[in-house]
Every structure is written in C-alpha cells, then in structure tokens.
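Each remark here refers to the structure printed beneath this line.
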Amino acid sequence: MPQHRHAPARVCPSCDGFASAAITLGGRDRNGQRRIITAHCRTCHGTGTVPPLRQLLDTAADAAFTR
C-alpha cells in the first residue's frame, strides 16, 4: 500500500534553517559572566521554516484582488 507523506517544510532562505543565534556582547557583568543576547531571523520569526509556496501565493493574490 502506498503511504502518503506530507510535503517537507521549506527551509528559510535567509537563515538556512538556523533561525536563532546566540551573540556575546564582549563585556562581562558583575558576576564575571558574559552577556549573551539571542537574535532571531526576521524572515521566519525564529522558526527556521517558511510557509508553503502555495500558501504564500494565495495570500498575495487575496491581498492584490481585494482592493
């Protein structure tokens, strides 16, 4: 019997799937620990994937034709 598979998630083209990065700020705080911030990809909002192309096209078409 054939098994149905879902389409694979599309990897974000901006971050290549690495949606978050830990960045050290260089200095140290009072306890001697480095300050670290987390930066998220702005394209995928920190998920590493983007919606399927069909969904993007439908959303764009709805926005274009509702004016």
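Hey, any hits in segment 28-39 for a residue that's at positive phi, surrounded by 10 or more Cβ atoms within 10 Å (Cβ to Cβ) and assigned to a loop (DSSP other than H, G, I, E, B)? Scanning segment 28-39, I find no residue that is at positive phi, surrounded by 10 or more Cβ atoms within 10 Å (Cβ to Cβ) and assigned to a loop (DSSP other than H, G, I, E, B), so the answer is no.
In segment 10-28, is there at least one residue being in contact with a strand residue (DSSP E or B) (Cβ under 7 Å, 6 or more places away or on another chain), among the acidic types (Asp, Glu) and modelled with pLDDT of 85 or more? The answer is no, given that none of the residues of segment 10-28 is in contact with a strand residue (DSSP E or B) (Cβ under 7 Å, 6 or more places away or on another chain), among the acidic types (Asp, Glu) and modelled with pLDDT of 85 or more.
Does Arg42 satisfy the condition of being exposed (fewer than 12 other Cβ atoms within 10 Å of the Cβ) and of a type in the set (D, E, K, R)? Spelling it out, Arg42 is indeed exposed (fewer than 12 other Cβ atoms within 10 Å of the Cβ) and of a type in the set (D, E, K, R).
The values are calculated or read from the model by the stated rules, or taken from the named source; none is laboratory data. This one's a predicted model, so the numbers in the text were calculated from it and none came from an experiment. Cβ: placed from backbone, ideal geometry, glycine included. Neighbour counts: every protein chain shown.
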